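Here's the structure we're looking at; comments come further down.
Laboratory data are not the source of any read-out in this text; all were calculated from the coordinates shown. Everything quoted here is computed from the prediction, not taken from an experiment. Cβ atoms come from the backbone with ideal geometry, glycine included; neighbour counts cover every protein chain shown.
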Amino acid sequence: MVKLLSIRSYFLIILFLGEISLCAFQITNKEDLEKAIRKAIAREISCKEIKVKINFDLKSSSKINSLAVRMDGVNIGGIIADYISIQYNNPSLDYQNLKNKNKLKFLSYSGQKVNILLSVSSLQNYLNLKEKEFGKNNVNIRLKFSPPFIECFYDVPKKEIASETAEIISKFIPGDKLEGYAAFTLQAKKSELSAYSSKVILNHFLIPGSILGIFEKKFNPFEKISAINIFNFEINNIVVQSKYVLLTN
Amino acid sequence: MNLKPKKRFYKYLLSALGIILICVLGYIVYLYSQGGQKNYTPPKTEEKTNGEQVVSDLMDISHAIESYYAINLSYPSSLKNLVPEFISNMPIEPLTNRDYSYKVFSDTAYEVSVQNPQNYNLKELRVRNGKIIKY
């Protein structure tokens, strides 16, 4: 009887210690939790670097006040973002899933903020990829951020543009190339990106607004930002800054 | 007698065609004059009133703070830390020439505001976590 009781108490102690260790993983060990989240994200998302920052509630150490994640070099629908940061307020995590399956799952959160930064070079690379995708050669496009505009200096052989497009602007193409300048703004709605030209100069001619309107209707939206696994978001704001284009939800 | 109105009609028609031609040529000359490398500059933005300028400044600073956060996962301790990486020049209040006020409340909340909203005939004029508060 005594032996049976001692075995029972032994199991109870083991269970108790197991519970304590799980709580420790859940609550107090900030570094371990950050590491586990980082590992879970790395499993799902391909990127250069992942940074996780957790802030616990000062009053109650079991409650996460905020969880912030930064991912560098993530593909968001054709564009490689320099940085993506996602901030969650008062998140509740599925610890069992995180520990046993190495999966990050949010049970709830009170607020989510997404910031995506695109540099000139990331947009330039995006254009280069598009040129390759469509088999275009000798296309020379240079971008510059001049808030609130993106400036574009271009030099494109006439043969590289679609005949339908060339027809619309044929009056402005006396030779065999399209050379000039464009200043445009960007807009984001439901993660779809659109570009609106404020000024376009083609082969020394200022292109009238009516023609620009035709192109805007034809090509917009030109790209869709895809949400990343785990993190669900919709981009609805876009701002051009001196060094980055900032996209937010 | 019948030839006179016809002659007058052709005269008007020619004049109208001449005017249209001049307009078209003028428009082409205008489009050409607006081209060329010296015009490779962004369009000029409309001048803003002091109130509009303040709202625009507050939003610009807020966006710069968000970009700073995206890289550092924390808000800057001072607005000076945003220059020049996230904002080329830190704007100042157009009416008073004073710096905008900046406070960080927690790891998820910040606020940028004017020193005195009453200068703009308002009770509140600030941006909190990217949202403008103006009344």
| Net charge of neighbours whose Cβ lies under 11 Å from the Cβ of A:PRO91, counting Lys and Arg as +1 and Asp and Glu as -1 | +1
| message | Out of the trypsin sites (Lys or Arg not before Pro) in segment A:186-249, which ones are loop residues according to DSSP with at most 11 other C-beta atoms within 10 Å? | response | A:LYS190
| Partner aspartates and glutamates for A:LYS132 [C-alpha distance under 19 Å; skip if fewer than 8 residues away on the same chain] | A:ASP155, A:GLU160, A:GLU223
| request: For each of A:TYR126, A:TYR83, B:TYR69, A:TYR196, count neighbouring Cβ atoms within 10 Å of the residue's Cβ, then give the residues from fewest to most. | output: A:TYR196, A:TYR126, B:TYR69, A:TYR83
| query | Residue farthest toward the positive end of the dipole of chain A, with Cβ of Lys/Arg at +1 and Asp/Glu at -1: which of A:ASN140, A:TYR244, A:LEU67? | reply | A:LEU67
| field | Inverse mean reciprocal Cα-Cα distance (Kirkwood Rh) of segment B:50-134, Å | value | 12.8 Å
| remark: Going residue by residue through segment B:93-98, the Karplus relation 6.51 cos²θ - 1.76 cosθ + 1.60 with θ = phi - 60° gives ³J(HN,Hα) values, rounded to whole Hz and with x marking Gly or Pro, of 4, x, 7, 10, 6, 9
| query | How do the peptides A:33-45, B:46-58 rank, highest first, by the average count of neighbouring beta carbon atoms within 10 Å per residue? | reply | A:33-45, B:46-58
| message | Tell me the Rg and the Dmax, in Å, that the Cα atoms of the protein assembly as shown produce. | response | 29.4, 139
| message | Could you compute the net charge surrounding A:ASN203? Neighbours are other residues with a C-beta less than 11 Å from the C-beta of A:ASN203; K and R count +1, D and E count -1. | response | 0
| remark: Taking Cα atoms, the helix B:50-72 axis meets the longest principal axis of chain B at an angle in degrees (rounded to 10) of 60 degrees
| task | Let me know the mean shielding of A:46-54 by other chains, meaning the per-residue number of their Cβ atoms within 10 Å of its Cβ. | result | 1
| said: Going by amide H atoms built from the backbone, whose H comes under 5 Å of the H on A:LYS199, apart from near neighbours? | reply: A:ALA183
| said: What three numbers, in Å, describe the spread of the alpha carbons of segment A:185-230 along their principal axes, ordered from the longest? | reply: 49, 16, 13
| request: Take every residue in peptide A:146-156, count the Cβ atoms of other chains within 10 Å of its Cβ, and give the average of those counts. | output: 2
| request: Would you calculate the volume per residue, in Å³, of the smallest convex hull containing every Cα atom of segment A:144-249? | output: 115 Å³
| query | Roughly how tilted is helix A:209-219, in degrees to the nearest 10 and between 0 and 90, from the longest Cα axis of chain A? | reply | 40 degrees
| query | In degrees from 0 to 90, rounded to the nearest 10, what is the angle of the helix B:3-33 Cα long axis to the longest principal axis of chain B? | reply | 30 degrees
| message | Counting only other chains, and only Cβ atoms inside 10 Å, what mean value do you get across the residues of B:105-114? | response | 3
| message | Going by amide H atoms built from the backbone, whose H comes under 5 Å of the H on A:PHE56, apart from near neighbours? | response | A:ASN65
